[in-house]
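K.L.:
Take a look at this one; I'll ask things after.
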Amino acid sequence: MKFNSMEDALKYVQLEIMVEIDRICTKHNIRYYLAYGTLIGAIRHNGFIPWDDDIDIMMPYDDMKKFAEVCKEELDERFFYQSPETDAEYGVTINRVRRNNSLLIEPTLANKNVHQGIMVDIYPLFGAETSCIKRKIQVINAMRRALYMLNDPVQNHGSIMKYGSLFLLKTKTAKMKKRIVQRITDKFEKCSFDGSDYVTVLDSGVKEMSTTYQRSWFGDGVRHKFEQYEFIVPDNSDMVLKTYFGDYMVLPPEEQRVFHHKYLKIQMPDGIEY
């Protein structure tokens, strides 16, 4: 298939992945919700934000675990479910469904021996601690978990963060890091999505980790037009988006309407490179 641009080709493959995710989740009663810029795109544009270049979804953590198990038998051979369990050097806190026979190389994973196909990102939703002190500890633990999973010092956040994280990594053995990650994950699981009034994403992004939502805003989700398909959005997408973005219906200045990821290499399943 011929495309007018790299962006159009990339979106075509991402939609291909998303259709497969939706098929599996619908068949096995697994919850997911379009998220972040993808959700803005659904609500404001009935599809991609014209200058966006990825698809993000959220899943309650228990649903994510179920999805991972189902994918072992159900996921079409065109795709690969990526997690630290399926890809040994992939130490990222968000899991992904990748398109085989494609490439989308990001700077953070460029030197890792991992599957680097075009992907859809899956962000885990956990229950959020309700007290201020416990919530801060939860965010700190999420940062520690992300650091030990990726096993690389923090970049682009100043020298204190860089060298402090490097010190933490150097003073822990691989076994110690693995135990810390498992202990923190076990703690997060106890604060479950369904057992909490407020929920949060606990990945490596400070804003994502610091934002809490009312669980009732997500509900079972409803179908909403996205390009030529319909995917699941939260019951109250408006409040989810306002909480994270503010007035999301206001378009950014024209000079900011650009594709924001800095990919090192893009190759489509048909072998065409961009």
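K.L.:
Between Ser5 and Lys27, what is the label-to-label distance in nm when each label sits 7 Å out along the Cα-to-Cβ direction?
P.N.:
Between Ser5 and Lys27, the label points sit 3.5 nm apart.
K.L.:
Would you tally the net charge around Pro252, using a Cβ to Cβ cut-off of less than 13 Å, leaving Pro252 out, and scoring K and R as +1, D and E as -1?
P.N.:
Working: positive: Arg44, Arg257; negative: Asp52, Asp247, Glu254, Glu255.
Surrounding charge for Pro252 is -2.
K.L.:
Additional query: Under a plain spin-label model, where a point goes 7 Å from the Cα along Cα-to-Cβ, how far apart in nm are Leu264 and Tyr163?
P.N.:
2.7 nm
K.L.:
If you put +1 on each Lys and Arg Cβ and -1 on each Asp and Glu Cβ, how big is the dipole of the stretch 230-274 around its Cα centre, in Debye rounded to 20?
P.N.:
Numbers: 4 positive and 8 negative charges, 49 e Å.
Here the size comes out at about 240 debye.
K.L.:
Please check: in the Gaussian network model of the chain (C-alpha springs, under 10 Å), which one of Gln228, Gln138, Gln182 has the largest mean-square fluctuation.
P.N.:
Gln228
K.L.:
Using DSSP, restrict attention to beta bridges with both residues in the stretch 1-149 and report what percent are antiparallel, rounded to the nearest 5.
P.N.:
Numbers: 10 of 15 bridges.
Antiparallel: roughly 65 percent of the beta bridges in the stretch 1-149.
K.L.:
Another one. Only one of the values [x] 18.8; [y] 19.5; [z] 20.2 was calculated from this structure for Kirkwood radius over Cα pairs in Å; name its label.
P.N.:
Of the listed options [x] 18.8; [y] 19.5; [z] 20.2, [y] comes from this structure.
K.L.:
Solvent-accessible area of Arg23, probe 1.4 Å, all protein chains present, reported in Å² to the nearest ten, please.
P.N.:
90 Å²
K.L.:
Once you have the Cα-Cα distance between Gln155 and Ile137, take 0.36 nm times their residue separation minus that, and quote the gain in nm to one decimal. Write down the numbers at each step before the final one.
P.N.:
On the way: separation 18, 0.36 × 18 = 6.48 nm, distance 2.20 nm.
Value of the extension gain: 4.3 nm.
K.L.:
Can you give the FRET efficiency to the nearest 0.05 for Val250 and Thr108, using r as the Cβ-Cβ distance and R₀ = 30 Å? Could you put the intermediate results ahead of the total?
P.N.:
Working: r = 30 Å, r/R0 = 1.01.
For R0 = 30 Å, the calculated efficiency reads 0.50.
K.L.:
Related question: Using 0.36 nm per residue, how much length does the chain from Arg179 to Glu273 gain when fully extended, once their Cα-Cα distance is taken away?
P.N.:
Numbers: separation 94, 0.36 × 94 = 33.84 nm, distance 4.05 nm.
In short, 29.8 nm is gained.
K.L.:
Run the dipole for the chain about the Cα centre, Lys and Arg Cβ at +1, Asp and Glu Cβ at -1, nothing else charged, and hand back the magnitude in debye, nearest 20. Before the final figure, lay out the partial values.
P.N.:
On the way: 37 positive and 39 negative charges, 300 e Å.
So the dipole magnitude of the chain works out to roughly 1440 debye.
K.L.:
Do the alpha carbons of any pairs in Lys72/Lys190; Lys11/Lys66; Lys134/Lys170; Lys190/Lys242; Lys178/Lys242; Lys172/Lys207 sit beyond 31 Å of each other, and which pairs?
P.N.:
Numbers: Lys72/Lys190 25 Å; Lys11/Lys66 27 Å; Lys134/Lys170 27 Å; Lys190/Lys242 28 Å; Lys178/Lys242 36 Å; Lys172/Lys207 27 Å.
Over 31 Å Cα-Cα: Lys178/Lys242.
K.L.:
Farthest toward the dipole's positive end in the chain, which of Leu251, Cys132, Thr86, given Cβ charges of +1 (Lys, Arg) and -1 (Asp, Glu) about the Cα centre?
P.N.:
Cys132
K.L.:
Toward the positive end of the charge dipole of the chain, about the Cα centre and with charges on Cβ (Lys, Arg +1; Asp, Glu -1), which of Val199, Asn46, Ile160 goes farthest?
P.N.:
Ile160
K.L.:
I've got another one for you. With each pseudo-label sitting 7 Å past Cα toward Cβ, what's the Arg144-Lys170 distance in nm, one decimal?
P.N.:
Roughly 2.0 nm, to one decimal.
K.L.:
How much of His261 can a 1.4 Å solvent probe reach, expressed as accessible area in Å² and rounded to 10?
P.N.:
60 Å²
K.L.:
Could you check what % of the DSSP bridge pairs in the chain are antiparallel, to the nearest 5? Present the calculation step by step, with values, prior to reporting the outcome.
P.N.:
Values: 25 of 30 bridges.
DSSP beta bridges in the chain are roughly 85 percent antiparallel.
K.L.:
Please say if the stretch 73-158 is rounded, prolate or oblate, where rounded means a/c under 1.5 for a ≥ b ≥ c the square roots of the C-alpha gyration tensor eigenvalues, and otherwise the choice is prolate for a/b larger than b/c and oblate otherwise?
P.N.:
Values: a/c = 2.80, a/b = 1.61, b/c = 1.74.
Cα axes put the stretch 73-158 in the oblate bin.
K.L.:
Using a Gaussian network model on the chain with a 10 Å cutoff between Cα atoms, which of Met209, Met18, Met176 fluctuates the most?
P.N.:
Met176
K.L.:
Mean-square fluctuation check for the chain, GNM, Cα pairs under 10 Å: which of Gly91, Gly219, Gly246 is largest?
P.N.:
Highest fluctuation of the listed residues: Gly246.
K.L.:
What net charge do the residues around Met119 carry, taking every other residue with its C-beta under 11 Å from that of Met119, with Lys and Arg at +1 and Asp and Glu at -1?
P.N.:
Residues close to Met119 contribute a combined charge of -1.
The values are calculated or read from the model by the stated rules, or taken from the named source; none is laboratory data. Owing to the predicted nature of the structure, the values given are computational and were not obtained by experimental measurement. Reconstructed Cβ throughout: ideal geometry from the backbone, glycine too, with neighbour counts over all protein chains shown. Quick note on the areas: whole protein, heavy atoms, side chains included, nothing else; ligands and nucleic acids left out. Shrake-Rupley method; radii C 1.70, N 1.55, O 1.52, S 1.80 Å.
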